[in-house]
Amino acid sequence: MEFDGGNPLRIQHFLKVWGFARQIGKMEGLDLKMQEILETAAIVHDIGIKVSLEKYGDCGGRHQEAEGPPLAEEMLERLGYDLSLVERVSWLVGHHHTYNHVEELDHRILLEADFLVNSYESRESMEAIQAFMRNVFRTPSGIRLLKLQWGLES
Ligand SMILES: [Fe+2]
């Protein structure tokens, strides 16, 4: 919140993504290490937006993915997180707009949690939500929460 001070939209965004990521991670039974990585990544995933806006005047996914990782690394190292967590969280920050070749659950769940929030904040159409669910959602828990949120048949 210090990093995004004065920007309630971004603060509310990452807190909601964290909540969904935490919930999906627990429902999917992640081990403690991956759960911590996922939750930490959810909190800092959009850390590159501010610099992207300053440097390029936009916060497109590619700019964010380039600008975010070093900022996440700096913050998490300063806060005393161990190196393996910092490395993985940084990688996730750099791939949170990458939807192909998703291999690990922490990455998959981060994409799902972000969309649970973005689909509401961006007022996506039902068609877009259904398409995203088909194309990106894979965990049973993420699919369940998205269907519950939007009142879709399960
Ligand atoms: Fe996000």
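Readers should treat all values here as calculations from the given coordinates under stated rules, not as data from a laboratory. Owing to the predicted nature of the structure, the values given are computational and were not obtained by experimental measurement. Heads up, the Cβs are rebuilt from the backbone with ideal geometry, glycines too, and the neighbour counts pull from every protein chain shown.
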Which length gain, in nm to one decimal place, applies between residue 82 and residue 62 when the Cα-Cα distance is subtracted from 0.36 nm times their residue separation?
-> 4.5 nm
Using the alpha-carbon atoms, what tilt in degrees (0 to 90, nearest 10) does helix 140-150 show relative to the longest principal axis of the chain?
-> 80 degrees
Calculate, for residue 150 and residue 7, the FRET efficiency according to 1/(1 + (r/R0)^6) with r their C-beta to C-beta distance and R0 35 Å; round to the nearest 0.05.
-> 0.85
Could you check which residue among 24, 11, 43 shows the biggest mean-square fluctuation in a GNM of the chain with a 10 Å Cα cutoff?
-> 11
Give the relative contact order (percent, whole number) for the range 1-101; include only Cα pairs under 8 Å separated by 6+ residues.
-> 24 percent
With a ≥ b ≥ c the root eigenvalues of the C-alpha gyration tensor of the range 36-101, is it rounded (a/c under 1.5), prolate (a/b larger than b/c) or oblate?
-> oblate
To the nearest 10 degrees, how steeply does helix 8-27 sit against the main Cα axis of the chain, on a 0 to 90 scale?
-> 60 degrees
The chain: most fluctuating residue of 114, 106, 82 per GNM, C-alpha cutoff 10 Å = 82
Cβ-placed point charges (K, R +1; D, E -1), dipole of the chain about Cα centre in debye, nearest 20 = 480 debye
Top positive-direction residue, dipole computed over the chain with Cβ charges, set 142, 109, 83 = 142
Top of 64, 130, 23 by mean-square fluctuation, Gaussian network on the chain, Cα under 10 Å | 130
Would you calculate a helix-derived [θ] at 222 nm for the chain, using -39,500 (n - 2.57) for each DSSP H run of n ≥ 4 and dividing by the full residue count, to the nearest 500?
-> -22500 deg cm²/dmol
How much of the calculated P(r) for the chain lies past 23 Å, in percent of all Cα pairs?
-> 33 percent
Any idea what angle helix 83-93 forms with the longest principal axis of the chain, computed on alpha-carbon atoms, 0 to 90 degrees, nearest 10?
-> 60 degrees
Which listed residue (19, 95, 42) has the Cα farthest towards the positive end of the charge dipole for the range 8-150, taking +1 on Lys and Arg C-beta and -1 on Asp and Glu C-beta about the Cα centre?
-> 19
